[in-house]
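**Student:** Structure provided below as structure tokens; questions to follow.
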Amino acid sequence: MVNYVDVQGYVKNIGDVDYYYVDVKISLRNENGDVLDTYNTYAVDGVGIATNERKSFDATLYHAAGTTRLFILCCWL
């Protein structure tokens, strides 16, 4: 049986400039913090996100054996 985990969240632009790409990197980690797998998606893909605007993201990824925590990093471009 293959297990998947659905990760939903949002990013909010609290800055004073618009951003046009927001890359979301999700790392699946074990209890020691070792990375078991990673997944990348875009919360904003060229459309732009204005000041105080928020955009949601949704990612379905394979649940690697031994995963006990998720780490999410956003890169604003």
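**Student:** Please state the relative contact order of the range 8-77 as a whole percent: Cα pairs under 8 Å, 6+ residues apart? Walk me through the intermediate numbers first.
**Tutor:** Working: 148 pairs, mean separation 32.6, N = 70.
Over the range 8-77, the number comes to 47 percent.
**Student:** Measure off 7 Å from each Cα along the Cα-to-Cβ vector at T38 and R69, then give the distance between these two points in nanometres to one decimal.
**Tutor:** Label-label distance for T38 and R69, simple model: 1.8 nm.
**Student:** Near T60, within a Cβ-to-Cβ distance under 15 Å, what is the net charge of the other residues, with Lys and Arg +1 and Asp and Glu -1?
**Tutor:** Residues near T60 contribute -3 overall.
**Student:** Say the dipole of the range 1-73 comes from +1 at the beta carbon of Lys and Arg and -1 at that of Asp and Glu; which of G15, T41, G66 then lies farthest toward its positive end?
**Tutor:** Farthest towards the positive end: G66.
**Student:** Beyond 21 Å, what share of the Cα-Cα pairs of the chain remains, rounded to the nearest whole percent? Write down the numbers at each step before the final one.
**Tutor:** Numbers: 988 of 2926 pairs.
So the pairs more than 21 Å apart make up 34 percent of the total in the chain.
**Student:** If you don't mind, another one. Sort V17, V5 by heavy-atom solvent-accessible area, probe 1.4 angstrom, most to least.
**Tutor:** Values: V17 70, V5 35 Å².
Putting V17, V5 in descending order of accessible area: V17, V5.
**Student:** Considering only protein heavy atoms and a 1.4 Å probe, what is the carbon-and-sulfur percentage of the accessible area of the chain?
**Tutor:** Working: 2470 of 5160 Å².
The nonpolar share, carbon plus sulfur, comes to 48 percent.
**Student:** Net charge near V47, counting Lys/Arg +1 and Asp/Glu -1 over other residues with Cβ under 12 Å of its Cβ?
**Tutor:** That works out to -2.
**Student:** Using a 1.4 Å probe on the protein heavy atoms only, what accessible surface does L73 show? Give it in Å² to the nearest 10.
**Tutor:** Only protein atoms counted, so the area is about 90 Å².
**Student:** Once the other residues with Cβ under 13 Å from the Cβ of T38 are scored (Lys, Arg +1; Asp, Glu -1), what is the net sum? Please report the intermediate quantities before stating the final value.
**Tutor:** On the way: positive: K25, R29; negative: D23, D34, D37.
Here the charged neighbours net out to -1.
The values are calculated or read from the model by the stated rules, or taken from the named source; none is laboratory data. A quick note: this is a predicted structure, and the numbers were derived from the prediction, not measured. All Cβ positions, even for glycine, are placed from backbone atoms using ideal geometry, and neighbour counts span all protein chains on display. When the accessible area is computed, the model is the full protein with side chains, heavy atoms only, and any ligands, DNA or RNA have been set aside. Shrake-Rupley method; radii C 1.70, N 1.55, O 1.52, S 1.80 Å.
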